[in-house]
Amino acid sequence: MSRPTVARLAVVTCYRHPDYIRAITLRQGVVDSGVVGETIVVKNTRRGVLRYVDVARQLVRLSLAGRPDAYLVTFRGYEILPIVLLLAGRRPVYYDEFINPVEWFVDEHHKFPERSLRARALRGVYRVLMRRCAGVLSDTASHARYSADRMGLDAERFSVVPVGSDEATFVPQSDRSGSARSVSEPFTVLYYGSMLPLHGLETVVASAALLRTDARIRFLFVGGGEQTAHLIAEARAQGSAVDHRDWVDYAALPALFGQVDLLLGGPFGGTVQSRFVVTGKTMQYLSSARPSVVGENEETSVFTDRSDALVVPQRDPAALAETIVWAADHPAELERIGSRGRLLYERLWSSARVAEAVRVLLLDGGPQVERP
């Protein structure tokens, strides 16, 4: 067996969800890459502000016991990145950007006006941190290009590592329900998630309103909190065939996917962030071989509409409603779309692809982002 490129690599996570799917797939990708001798997982066991103290203590203890040869900081890494860089010294630090905080606070949520002192300070500090890193990971090529341009950095500093999915949980289901759906059963469309602006909840609710006269079709919304519940209750009061659940346990998601007919991956919001992402829920649907509707953006050219997914313009309720009607009219095609979507997932975003991207990053940090 060849000698590993990195003898000891610390994978650091400091986030309210320390086992967020992006962190899980990166940890596994490091192990599967075959170029790391020992993977040391550092993650918070506390929540709130205490998580920063928790991870900082773990990093200090690790440094005192013998610093790793390299560090990989996973999402939401920019908050703990200064401490990692300080303790790493001259050892390489790889930073998984995933979401650029300037994009998040300034461009997406407009919390800081573009020309404000806070926005300029955030960009300046964040740019210094990024320049200190040996490499920056991004989930998609378009997102990497956007971040590089936004921060005034060379695109060669970025490497694309796909998000992937929890493949042990989200697997193709050979028998989803035990029998074909009866014509008397509603055609159920699932939309679940945290309902951030990029997801485009309002677009989906508006499409449900357009379809309220089609007795076949019903929408199930999962997640989103009180604001989402209120919006859906209003839609129901106006005649839309919509239901809402506060949440579904993670372990129950595969069964839920098998009980519905069409799964909305999005994004549909038409925001800055929605231009560059293939959503995590889309990855889960594709991994499960379930038919998914995706919102058209700079990454969706890899999909073939009505072949491996259904592709619709963002912020277009009428186009989404039309696609849902087509899906309800072509149930046999949906099964084939799900199967071909799984093949596309295996080719582009599977755990093997994640491991391959991590391997390239750690071997030579070679550029993986090409200018269009």
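For every residue, the table says whether it meets (1) without any contact (Cβ under 8 Å) to a residue 24 or more places away in the chain; (2) part of a helix (DSSP H, G or I); (3) more than 22 Å from GLU156 (Cα to Cα); (4) open to solvent by less than 60 Å² (accessible area, probe 1.4 Å).
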{"residue": "SER63", "(1), (2), (3), (4)": "no, yes, yes, yes"}
{"residue": "LEU86", "(1), (2), (3), (4)": "yes, yes, yes, no"}
{"residue": "ARG115", "(1), (2), (3), (4)": "yes, no, yes, no"}
{"residue": "VAL136", "(1), (2), (3), (4)": "no, no, no, yes"}
Worksheet item: If you scan the stretch 298-347, which residues turn out to be farther than 21 Å from THR188 by Cβ, open to solvent by 70 Å² or more (accessible area, probe 1.4 Å) and acidic (Asp, Glu)?
Response: GLU298, ASP305, GLU346
Worksheet entry | strands (runs of 3 or more DSSP E) enclosed by the stretch 138-251 - at least 2 residues per element that are open to solvent by 40 Å² or more (accessible area, probe 1.4 Å) | 242-245
Practice prompt. Give me the pairs, please: first residue somewhere in the stretch 305-320 and over 13 Å from VAL204 (Cβ atoms), second residue anywhere and of a type in the set (Phe, Trp, Tyr) and open to solvent by less than 60 Å² (accessible area, probe 1.4 Å), beta-carbon distance under 7 Å, and either six or more positions apart or on two chains.
Written response: ALA309/PHE303; VAL311/PHE303
Practice prompt. Only residues that are out of contact with any strand residue (DSSP E or B) (no Cβ under 7 Å at 6 or more places or on another chain) and assigned to a loop (DSSP other than H, G, I, E, B): list them for the stretch 290-336, please.
Written response: ASN297, GLU298, GLU299, THR304, ARG306, SER307, ASP308, PRO313, ARG315, ASP316, HIS330
Item to complete: Residues being farther than 16 Å from ASP96 by Cβ and modelled with pLDDT under 95: count how many of those fall in the stretch 336-372.
Response: 7
Fill in: In the stretch 65-84, the residues that are among the aliphatic types (A, V, I, L, M) and either surrounded by fewer than 17 Cβ atoms within 10 Å (Cβ to Cβ) or in a loop (DSSP other than H, G, I, E, B) (or both)
ALA65, ILE80
Worksheet item: Residues of the stretch 338-347 being out of contact with any strand residue (DSSP E or B) (no Cβ under 6 Å at 6 or more places or on another chain), without any contact (Cβ under 8 Å) to a residue 60 or more places away in the chain and within 26 Å of GLN273 (Cβ to Cβ), which ones?
Response: LEU344, ARG347
Worksheet item: Which residue out of VAL171, VAL160, VAL189 is modelled with pLDDT of 90 or more, within 18 Å of ALA251 (Cβ to Cβ) and among the hydrophobic types (A, V, I, L, M, F, W, C)?
Response: VAL171
Response to the item:
Within the stretch 257-279, the residues that are modelled with pLDDT of 95 or more and not in a loop (DSSP other than H, G, I, E, B) are PHE257, GLY258, GLN259, LEU262, LEU263, LEU264, GLY265, GLY266, SER274, ARG275
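The values are calculated or read from the model by the stated rules, or taken from the named source; none is laboratory data. Keep in mind the model is a prediction, meaning the values are calculated, not measured. Ideal geometry is used to build each Cβ from the backbone, glycine not excepted, and the neighbour counts take in all protein chains shown. Ligands, DNA and RNA are stripped out before the accessible areas are found, and what is left, the full protein with its side chains, is counted by its heavy atoms. Shrake-Rupley method; radii C 1.70, N 1.55, O 1.52, S 1.80 Å.
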